[in-house]
Every structure is written in structure tokens, then in C-alpha cells.
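Report on the following structure.
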């Protein structure tokens, strides 16, 4: 890698000092995607700013009214094993366990992973379903960006170049929230995603409401399909499921990749969603 | 930019001067001659460079040396003690967990990380723990068996 | 009472080198200590597949601070090869494939070498490129090697360079026309297999240093140091005695570190640096793009059978895309020509195989030498024939399998073999006992309506070909200091060669394992023209070792016989002691060596060298045939009808090794072959776009992880002794994978009724086939 300065600020003020100079700065979280770009010389920063020492960036706080606050430097392995995640956000827990490898999960941070806007970013799917919000800071302001508004397509996010995610907030979800993540990949560890989907719904009496469908690999970004979600409200029967799946197909724009054609990605997504929806509905029948 | 860093490597405290852009992999291999930590891919795909960093298994090719300041690092060279080989090493020998051997150090480290967490892992748990370690010889079945047997050994 | 130590042979025996590998002691490529005067090499590779090219600003690179030496094709224009020299060490005026070296630099640090390389400007003028087999052989296509007949060795090949055919072989038996005429059913199908990558975990690399006498010493991690010595010496116009290659270990090769790719360049640049050692280590990206690929195949098979299940005729052609150089792939064709009928005694056969030039990365065999791909075709063909004939797929095979005593080749009588046993044991292992109706059943399964389960199997045979160069030379030295020191010419690439040598020597000499050390393989320990085998090592090395240990034992006993004044026939070595059955005397060998050392005047030298050479051949391919390895695979798969996704529930593999000298090691090799096969069959494909490799790293070229393992593995060792083999053993090596891919394909067919004839079997291909099937049925 070409030479750069490595700075590990202990405060946002200190970080600001480096971001407001006329230097090329890249943010380092887990380095999982950054390192690839540094090695290729796609990026040649003057400064690498390591956010892992910033206050609050490792916070994990859950309250049943307020939901979950996760500092941006919390690693993915915590999502896979953390007790509060397992208990209160099982869809996130399930997805994280299947993500990448232990080596990657132990380094990749939530903030860095969310900021990487790949259409196959698996972390984005449950975050979208849980209505997560990114809290950000830049030298000019702090703001919140719902994950649903974070991805602009083509690997771009709504983040400004000097804007850092400080923490992520997930609202509280009731106990009878059912979620499932399914994917088909070429290799069983998750490499080369053909399509993936996270699906969620909240049980209210004998119906399922607040459906969330987040899809991967079938558009230029991870995204929700509100058109399908609206159709599924209630206790959907086969016909409604069929219409919802159709609505999904009408609202995705899959691309060919060398290992999967776009029409195949559509077919796979359809199969995954059909199974996911049925799986969630089956929770209704059990109790 | 140079950094004076300290860390504990295989139980020994060390001080080093490193450049910002040096990876932990480079520093371990070149400055400390810990060549069990292997170059495999430089993209975090193969796990041949796996080390324990504060007890967690990571790809050292994806960690800057300076990020490892004030941490404890374990490589395969640090597994054996004066009393002899680590049960994992013994088991890999006894149960054919080694063919060409290039992936072996990384496998040991991932296995150590697993056994630190779970004393008697199921086969499925072992498979999951090793998913980031590639073995081109295809020795996974015997590697998994080696780990299972080692997990039952007393130390 | 004097008793013999229990036999070491046949018992589990751990791999000795394993401890060093597990403690970070073993030195692989890149682990060499960096000494102060060491230089670092980097190579500039071509980015175009077919072009004229010019380098400019070369002097700026040469004179860059920290650069010690630089070579381009203008400095060194030479060709490499064993049989035909069709691969330039450095491109001179034209590039023939993307990934061809254009320049090499040695500098004080790798970074300086990179900086200097980046100063060189390359201008390409694209020429028409030949990118696949169809295009290569089509009339009017460009010629990849218009100067083919200028290449030394070209005349030895059966070539048609105008149609880009580099070499072809045929084998025939009987009269196929009559054979087809006698058939009740004839089936014709085409099959393909994609390019693959060897992708060893250790990339190519090593250190080379010019010695004061002008020779070059190379510490390289290669599978075939003697072949490399020969090729590099020839290319650099040096006496082979002046090229020394030392190989201590190899971090995986699988056929990719046999022939010379970048090793020759390292030698060449080291000769320019006035004795400063030069180190090279390819990056993973360079390993994918600048070394070798494994050849892609296009096959066409036509088979005839009578309705009562007799195979009457086979006509098969196997065409290989070998990229821009055929030299490394010639051996491939030999194996294919001999194995091309599959393991069946078909009386009438016509097998043709050709190596075809394209402007792609040159091909070297990848474990299996093409025989795996031959069976990809044949074993699906047989399965389909069984269905057409309404016969049990196992029975159809068993009736036609080659048996001991069959004379299929003019001077080769088939030996007793485990084909039948392997086939029966693998289906047993997965609890599958098919009958004539066990083909595809469209009835839905009760529990998992959209995921269907199917079983399939395949038999396989693989020729063990040993030409005169496939010999082995072993030296054993016994002295006080080093005890029993063994010098071998084979390389341990992870198959446990050094452990095998130790085990055998310990057994034959009846001495403790701890007394034995095996030296790293060093060509300087052998004559300059010595060529050792780099495949089927157990055979040649085993035979040489048996001769050497026998000779050593005789030497020791002869010495003691004189000292004790007893006939040799009274004497033996037991547990490290010479004993006399007659006088009951004992002479511990350690004492003998001690006295030896003190008594310099009369000290005998306990040192032997023995050579094994395969029997003389008459030059025909058939006469190179030593024996056949037998394998069988059975698979149980679950296929998702909606997505085509495949899960392998069970995989069984049986291999007939004659005699398992180290049973656990054999099982480990079988399991390793099974996992590799799953990877080749379901996951791997080297993709070229306009001649440029698209795989740069493991993201683009996924090899199997633990997540891709079959749920259950059943490795089965079969032993039908090979009379002429060491202890009745036969090699396993690259033969272990033959049959895996078609067994999986056959199981998929039984699960969902579609046959995939193109490797790799991807979920998308299954999906497409299912869609087509549904459309047909509608």
C-alpha cells in the first residue's frame, strides 16, 4: 500500500481537525472493504482516520421502550453472538451468523459495513427490516439517515465524504416479531450472491402486520419493497402472496453478473420469498 | 508516518517501530520472523494469515500493524509450550489434519479461537468456525476430526 | 527369544513433516530469510492476448535507483519446453496470451521493483485473437503459432498448426463400423468442461542465486525439480549441471508447479545480479493470471450397445483448449488416449484426442490429467444408455467392466483390479441399491415437495504411465553423525512422500523411525542428466527404495559377517541390531557405527545408491502403460426444483490402491480428492473475456470451504494387489478424483430428471434445464 498517515482520534473534535484540512481522508472501521481499495491503489489517501477509539462507538444499549443503540464500531461478530441481539432482533442475529467468516466478522464494523453500499450487502437486509437509522456526524452537522434512505444505488450512499456514522438505532419491536433471512449463493459460505431476502412481520392477534421485505442482489442497492409489503398486511392467502410476489418482481431491476443471469436472479428471489413468507405465516398457525 | 508500538506476541512483550501502511501480516513475518502467518491472498479470503488478536481470530493481512498496538497476539509459533506441543498440534499430526501444510497455521488459530469459546464443539460448529480458512488439498474432514479429538483432550 | 518388531507397513503412521508445518518451522515460498544483499523480483505481464508490442522507457526503469537488473525479450529471447519449445520465457515482439511475461526486474525492495516496472510503457497493437476451440479449428481462423515448425521439437508432434491443432493422438481397436452395426441402441452426446485453476495456497516463488562458478542455485517450491532443471538449462543454454534446484516442501501444486512458468525467469535474472540472491513471490492475482490454467474440454461420445447390455462400440473425441503452449499438456493427451473408452472392455473403439492452440493462458494438467473429464462424459453416457436399455445402471457397468486378463492394448494384459469392488462398495456406503427402474421418477416426494433427492454412481479407471524418465534414484547413507540419511529425488507436495520413505526404510532395515532423516530434494545430489518421476511416486520411489534398502542391508550384514566370521545367511537386522540366528550374537548398529568412526583405516562405507527405471519401452503409448488405478464414486444429492441449488447429502469414494501401506494417509488422500472434486464439479470455472482472465482472487474463483462439504463422506480403501508394485501397492495420487463429477451429475438426473453435460454443474444450469424440461412437457 502507498504510504499514508494513520490517525486514531480520541474525540470527534480531534477528528474534525483532520477532516477540515485540504487532505484526502478515508475512514477506517474494520478495514474489510477499505483495504481492498488501498491495495489496488483505487484509493490513495493522505490520512487514514481510525474511528474505533471515538467515544460511544462501541456502545451497546438496549431498552425495551427505546430500542437498541449500537455504536458504529461494534463488530459484526457481536451481532452474531450478542445476547440482546439474539433476544430482541433475531433476524439480525440470524443474518449476522451467516455473514462472511469469523475473521471478517471480528473486524468488520456495523458503520463501515452499512456504509459499503453493495447491492449484496447482507447486513443491510435485516437493518432495513428493523427500520434502522444511522446517526451521523460531520464537521458541519449531525443528522439521522434512515437506512431506507441511505442507499442511492451504484455503490453510493447519502453520506457526505467527511460524514461519519456514529451509531445506529433500531426501534423496539414486540416479542412476536417473526423474521427470516434466506439467500442463494454460488458457494455455501455466502460468496457470489445470486439473490437474498430478509422478511419480517409482527403478529397482532391472528394477523401479521408491518410486513417488511428487504431484497439483495436484484437491484442496484439493497432495498425494501413497500408495494409488496402493503399487499401482505393481514393474514395473506395464496392469491395475495402471489400478488405480492408479482409486486416484488415489478419493482426490482436485477443485473446480469458473470455467475447469474438477471432472469435467474428473479426466479431465485421469487422462490426464496415464497418460502420466507410461508415460513412467517406458519408462525401464525402454530400458536 | 512512523509509530512506536508495543504488543504482546506469543506471551512476550515487544516494542516495534512501524509505518502506518504496514499490515500486521508484514510486521509479524518480516520484523518478527513469525513465518507461520502466511501470505495467501491479501484480500481476506483465505485465512492463511489468521492470528488471534485479543483472543479473536482475524486476517492479519487486513489489520494495520499500528491497529494492533497494546493488544495480545497469538500465532501458531505460540501454541507449543516447554511441556510440548499443544493438543491441537498433536491431534493434527495424529489425525492427518496436515497435507501440504500451508493452511495449517491458520486452521490451528481458528480452532484455538473456537475452543476458547466452546469446549466441546459439534461438527457443525467446527465447520462454521473454519469457513474463512481455505484448504486446497481438501483436508477439511480430517482437520475437523483433529479438532474434535483435541477438544476432548485434557491439558 | 529374538522377535521381529511388529510390521510398520499397513499400520497408521503419522506424517513426520507435519510437526514442522504446525509449528511454523517449515519454509515455504516467501518464508526465506531476507538477507541484507537480497534482491526482490517483480514481473511485468502482458495485458493483451494477441498483439504486437513495444516497450519504451525501459532504460529509465533499468537506471531507477535501487534496480540491480532488468531483462526484457530484447535482452533474452529464448523458448522453453520439454518436448516442444513453444513458450517464450519473455515475449520478444509479439504476445500470445494475456499473462505472458514482458519484463522482469530485480531491485532492493519489492516496492522499488514495482515502481521501476511501472515506468515501463507498453504499447500494444492488437492482432486477431483465437479465443476458444470452435474458433481455433474453424477454417480461415487466425493461426496462433504461424511459425510452429520453427519451434524446436515441433516435428515430434502430430500437428496441424494451420487449424491450430498442436498435437493429436488416436487409439483404435477392432472395427467401430461393425461394432455400431451390431448395436441395438446407439447414443451420441456432447460434453464440455471449463478451464480450471490449480490455485495452490502457496503461490509460485523462491530464491535464486548465481554461484561463483557461474552456475545458478534455486530454492524453489516445485513439484518437478529435475524437469525444471532440464527445461531451464535448455532455455538458458546452460549445462544442466550448472542449474541446481533444491525443494524442501511445496505448499500445494496439483500439477501447476511441474512445468516452468516463472521459475526460468527467476534463474535468468539471478544470473544478472553478480551473485546477489533474488527472491520472487507471486501475488495471488499473478498466480491466477500469469502461470497456468487447466485445459478446457469439448468431447463427443458415440456408444453402441446390444439390448442385453453388451457395449459393442465407442467412438469418442476429446478436444482440449491448451492455450498458447502445448508442451505442458502433452502428457494429458497420452492419458486420455489410453483411458478414453472408460473402464469398459469394449471390443471396437476409436478414440481421438487433440490439443488445440488458443491465445489463452497455457494449460498444465490439474490432478487427473484429463481422465476426470473423460469420465465426466463416459459415465454419464453409460447411465443414459442404461436408462434407454431399461437396465440397472450398476449391472450394465459391472457386465462390461474391464477385468483382469483382458487384453485391451497390444502389449498390455489388464491386471486384477478393484473396479467391480469399488463400484459395489460405494453404492453400499450410501445405501443405494438400484434396480432397472432406478432412473428418474417424477412422483413428488412426500416430505419436501420442492427438494428432491437422487443417487448416482460412476466407475473410473486411470492409466499409470511410466516412461523412461519416470524413474527414481535413492541414496542411503549410514554413519555415526547422521545415522540413516536418505536422499530422494521425489518431492513431497503434501502427499506424505517423506513419511512413506521413512516408513519403508524403517520397515525394510528394521531400524527405529527416529534414526531416519530424509534430505530436501536437491538436484545436485544426482547426475546432471538425471530425470526423476514427478507423478506416481509411490511406484518408482518405492521400487528404488526397496532396492536401496536391500543393498544397504547386504552391505551391513556383509561387514558383520566378516567381523564375526559367520556366513551372511545366519545374520539379520532386528530392532536396530545385527543378530545371528546361529550364534545368538548381537551387534547394535549404533555401536557398529561408533566403532566405524573410530577405526578410520578399516572403516567400511555404508552408503548405497539404487536406481529404478520403468521397463524399456518400444516408444508406443501402450508400452508406457504400467497399470491402471481403479476408482468409483457414489453420490446422494438433494436438488431444489425451484432454484437448481444442489446439496450433497452423501459422497462415497473408493480407490483400489493395491496395498494400503499407510491406510490413514490413503483415506486422507481420498477425502481430500473428494472435497477437491466437489469444488471442481460445482464451484469452479476459469472465465476468460476476450482472452483476459477474469479471476483475480478467491472472490472471483471460489474454491470449496467447509460450508461446501458433503454432509457425509465415505472414503473406502480397496486392495487388489498389484503384483509388480512395491509390496503390491499402486499409486493413488491424481487418480483419486476420477468419477466424482459424473456420479454427482447422475444423482442430479435421478433427483430432478435433467442431465447437465457441461462442467461446472451450476444451479443456474440446472434451473435452465428444468425450465426447458417443463416447456417440453407443456
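Of all residues in the range C:308-335, which are over 17 Å from the mean Cα position of the chain (by Cα) and over 18 Å from residue C:188 (Cβ atoms)?
C:308, C:309, C:310, C:321, C:323, C:324, C:325
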Among residues of the range A:258-283 being touching a strand residue (DSSP E or B) at 6+ places or on another chain (Cβ under 8 Å) and facing chain C (nearest Cβ under 9 Å), the residue farthest from residue A:238 (Cα to Cα) is A:259
Identify all residues within the range C:622-639 that are touching a strand residue (DSSP E or B) at 6+ places or on another chain (Cβ under 6 Å) and outside any strand (DSSP E or B); write none if there are none. C:622, C:624
With the range A:23-138 as the region, which helices (runs of 4 or more DSSP H) entirely inside it contain at least 2 residues that are under 16 Å from the mean Cα position of the chain (by Cα), away from every other protein chain (no Cβ under 14 Å) and within 28 Å of residue C:707 (Cβ to Cβ)? A:90-98, A:110-115, A:124-129
Residue B:92 vs (1) within 23 Å of residue A:44 (Cβ to Cβ); (2) at the interface with chain C (Cβ under 7 Å from one of its Cβ atoms); (3) buried (at least 24 other Cβ atoms within 10 Å of the Cβ): all pass except (1)
Within the range C:127-141, work out how many residues are in contact (Cβ under 8 Å) with a residue 60 or more places away in the chain, out of contact with any helix residue (DSSP H, G or I) (no Cβ under 8 Å at 6 or more places or on another chain) and assigned to a loop (DSSP other than H, G, I, E, B). 5
Taking the range A:263-277 and keeping only residues that are over 22 Å from the mean Cα position of the chain (by Cα) and touching a residue at least 24 places away in the same chain (Cβ under 8 Å), one is left with A:264
Conditions (1) farther than 30 Å from residue C:568 by Cβ; (2) touching a helix residue (DSSP H, G or I) at 6+ places or on another chain (Cβ under 8 Å): number failed by residue C:513: (1)
Being assigned to a strand (DSSP E or B) and away from chain C (no Cβ under 14 Å) narrows it down to one residue among A:143, A:183; which is it? A:143
Which residues, taken from the range C:479-517, are in contact with a strand residue (DSSP E or B) (Cβ under 7 Å, 6 or more places away or on another chain), in a helix (DSSP H, G or I) and under 26 Å from residue C:245 (Cα atoms)? C:498, C:501, C:502, C:505
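Residue check: is residue C:120 surrounded by fewer than 23 Cβ atoms within 10 Å (Cβ to Cβ), farther than 24 Å from residue C:282 by Cβ and touching a strand residue (DSSP E or B) at 6+ places or on another chain (Cβ under 7 Å)? Spell out the reasoning first.
Values: surrounded by fewer than 23 Cβ atoms within 10 Å (Cβ to Cβ): yes; farther than 24 Å from residue C:282 by Cβ: no; touching a strand residue (DSSP E or B) at 6+ places or on another chain (Cβ under 7 Å): yes.
So residue C:120 fails the test.
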Return yes when residue B:103 is surrounded by 24 or more Cβ atoms within 10 Å (Cβ to Cβ) and either within 29 Å of residue A:8 (Cα to Cα) or in contact with a strand residue (DSSP E or B) (Cβ under 9 Å, 6 or more places away or on another chain) (or both) and no when it is not. no
Can we say residue C:464 is under 25 Å from residue B:139 (Cβ atoms), touching a residue at least 12 places away in the same chain (Cβ under 8 Å) and either within 17 Å of the chain's Cα centre (by Cα) or outside the structural domain of residue C:763 (by TED's automatic domain parsing) (or both)? yes
Give C:619, C:542 a once-over and let me know the one that is assigned to a helix (DSSP H, G or I), modelled with pLDDT under 95 and within 29 Å of residue C:657 (Cα to Cα). C:542
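Tally the residues that are facing another protein chain (nearest Cβ under 7 Å) and not in a helix (DSSP H, G or I), restricting the search to the range B:121-143.
Counting residues in the range B:121-143 that are facing another protein chain (nearest Cβ under 7 Å) and not in a helix (DSSP H, G or I) gives 8.
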Only one of C:669, C:676 that is touching a strand residue (DSSP E or B) at 6+ places or on another chain (Cβ under 9 Å) and either without any contact (Cβ under 8 Å) to a residue 24 or more places away in the chain or assigned by TED's automatic domain parsing to the domain that holds residue C:429 (or both): C:669
Suppose the filter is touching a strand residue (DSSP E or B) at 6+ places or on another chain (Cβ under 7 Å) and outside the structural domain of residue B:113 (by TED's automatic domain parsing); does residue B:20 pass it? yes
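Rundown of residues vs (1) touching a residue at least 40 places away in the same chain (Cβ under 8 Å); (2) crowded, with 24+ Cβ neighbours inside 10 Å; (3) within 16 Å of residue A:101 (Cα to Cα); (4) facing chain C (nearest Cβ under 9 Å), yes/no style:
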site	(1), (2), (3), (4)
B:38	yes, yes, no, yes
B:46	yes, yes, yes, yes
B:63	yes, yes, yes, no
B:96	yes, yes, no, yes
B:113	yes, no, yes, no
B:116	yes, no, no, no
B:119	no, no, no, no
Checked the range B:8-26 for anything within 14 Å of chain C (Cβ to nearest Cβ), over 15 Å from the mean Cα position of the chain (by Cα) and more than 21 Å from residue C:287 (Cβ to Cβ); matches are B:19, B:21, B:22
Return yes when residue A:247 is under 24 Å from residue C:772 (Cα atoms) and without any contact (Cβ under 8 Å) to a residue 24 or more places away in the chain and no when it is not. no
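Matching residues to (1) buried (at least 24 other Cβ atoms within 10 Å of the Cβ); (2) under 20 Å from residue C:340 (Cβ atoms); (3) within 13 Å of another protein chain (Cβ to nearest Cβ):
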{"residue": "C:623", "(1), (2), (3)": "no, yes, no"}
{"residue": "C:626", "(1), (2), (3)": "no, yes, no"}
{"residue": "C:642", "(1), (2), (3)": "no, no, yes"}
{"residue": "C:649", "(1), (2), (3)": "no, no, no"}
{"residue": "C:658", "(1), (2), (3)": "yes, no, no"}
{"residue": "C:664", "(1), (2), (3)": "no, no, yes"}
{"residue": "C:676", "(1), (2), (3)": "yes, no, yes"}
Residue list for the range C:717-732, filter: within 14 Å of another protein chain (Cβ to nearest Cβ) and surrounded by fewer than 22 Cβ atoms within 10 Å (Cβ to Cβ): C:717
Only one of C:205, C:153 is in contact (Cβ under 8 Å) with a residue 40 or more places away in the chain, crowded, with 23+ Cβ neighbours inside 10 Å, closer than 30 Å to residue C:55 by Cβ and within 25 Å of the chain's Cα centre (by Cα), namely C:205
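The values are calculated or read from the model by the stated rules, or taken from the named source; none is laboratory data. Since we're looking at a predicted model, the values are computed, not measured. Cβ atoms come from the backbone with ideal geometry, glycine included; neighbour counts cover every protein chain shown.
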